Structures are given as C-alpha cells and as structure tokens.
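For reference, the structure discussed in these notes is given below.
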Amino acid sequence: MSNKIIIINGPNLNLLGEREQSQYGSHSFEDLKDICTKKSEELGLNLEFTQSNIEGELVNLIQDSRKDFDGIIINAAAFTHTSVAIRDALSIFKKPIIEIHISNIYKREEFRHNSLISDVATGGIFGLGIDGYILAIISMQKLLKNED
Ligand code: DQA
C-alpha cells in the first residue's frame, strides 16, 4: 500500500506560535508536528515532517521525495508566491500533491493572492488554520487509497 507521505514546510513556519498569531494561531511548530504525526498514525500513514527556511533545501526535499514518498503536502509559505524553482520541482513529482496555507492568502495583501504552485498541485486548502493540515492528511490518505 502507498502510505509514505511527507509534509514540507517553508520559511518562518518554524516560528509558529510566535509569529503573527492573528494569522497563524497560537500553536507552536512542535504542536503542529505532534498533531500531524498523531493523525497520520491514526490513518495508517507513515509521515515525515520537515521544514526549511532555504529555497534550495526545499527543492532538494521535493526532488528526493520522488523515490521516498507517495504524496507531498506542502506549505511553501512565502516561496509560494515567488519560487519558480519549487514549482518546477513539484511538477516533476508525478504523485499527489496538496498545497496548504494556514491563513486565507486571498484575504491578505495582494502579493499573496498569486500561488505559483496551485496549478501543479492536485488540490489545496487555505484559511482553516492548522486544521488544514489535518484535512490535507485525510485527503491524502483517500487519494493514495484510490490509487492502490
Ligand atoms: C502561509 C501564507 C504565506 O503568504 C506566508 O508567507 C506564510 C504562511 C500560510 O500558511 O498561511 O509564511 O503559507
């Protein structure tokens, strides 16, 4: 069964709980990791939870995921709006991709309204706080189950 998934978090998400609580809530990055790990275990998924502030490291993670993982859940954070390199890496990954944002990027500054990765993702979730990660894990499990 395809059950190996990776959650890739981009810049500044390591400071969850500390940064702009009105946008991102009060849970810390460690809380988020625990919540995602628990949900994945419950659904029989093997989760790797990652974060980097560095664009090239994110590209490497996405490239390496081709052989190691069956699906990617990605919050590329600020790189969502700027990174052709992350978009290109994702488009080489021929398995399910879910884009996630904690905040509603369409209700915020105009520069956040454009995502370079939405059209290479299978689907996306935004504006639902960290619950969006739980929903993404549930959806990923269904996508992988339908593939088997
Ligand atoms: C974010 C939204 C981005 O615009 C922002 O740069 C982030 C987080 C979100 O999860 O809402 O760092 O991806």
**Request:** Measure up 38/95; 39/94; 4/95; 38/67; 4/145 against 20 Å on the Cα-Cα distance and list the ones that go over.
**Result:** 38/95; 39/94; 38/67
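What 222 nm value per residue comes from the helices of the chain, counting each DSSP H run with n ≥ 4 as -39,500 (n - 2.57) and dividing by all residues, nearest 500 deg cm²/dmol?
For the chain, the value works out to -12000 deg cm²/dmol.
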**Item:** Reachable aspartates and glutamates from residue 33, criterion Cα separation under 16 angstrom, eight or more residues apart if same chain
**Value:** 18, 41, 42, 48, 131
**Fill in**
Whole-Å distance linking the alpha carbon centroid of the stretch 69-120 with that of the stretch 12-28 is 19
**Prompt:** Using Cα pairs under 8 angstrom and six or more residues apart, how large is the relative contact order of the chain, in percent?
**Reply:** 29
**Prompt:** Can you tell which of 77, 85, 121 shows the greatest fluctuation in a Gaussian network model of the chain with Cα springs below 10 Å?
**Reply:** 85
**Prompt:** How big is the shadow of the Cα convex hull of the stretch 1-73, averaged over all directions, in nm²?
**Reply:** 5.0
**Prompt:** Under a plain spin-label model, where a point goes 7 Å from the Cα along Cα-to-Cβ, how far apart in nm are residue 28 and residue 147?
**Reply:** 3.4
**Item:** Burial ordering of 4, 67, 142, fewest other beta-carbon atoms within 10 Å first
**Value:** 67, 142, 4
**Complete:** residue 113 and residue 64 label points (each 7 Å along its Cα→Cβ direction) are spaced in nm at 3.8
**Message:** Given bins 5 angstrom wide, list per bin the percent of all Cα-Cα distances in the chain, short to long.
**Reply:** 2, 10, 21, 25, 22, 14, 5, 1, 0
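Only the coordinates and a few stated rules stand behind these numbers; no lab work does. In this text the structure is predicted, and so the values were computed from the model without any measurement. Don't worry about glycine lacking a Cβ; one is built from the backbone with ideal geometry, like all the others, and counts go over all protein chains shown.
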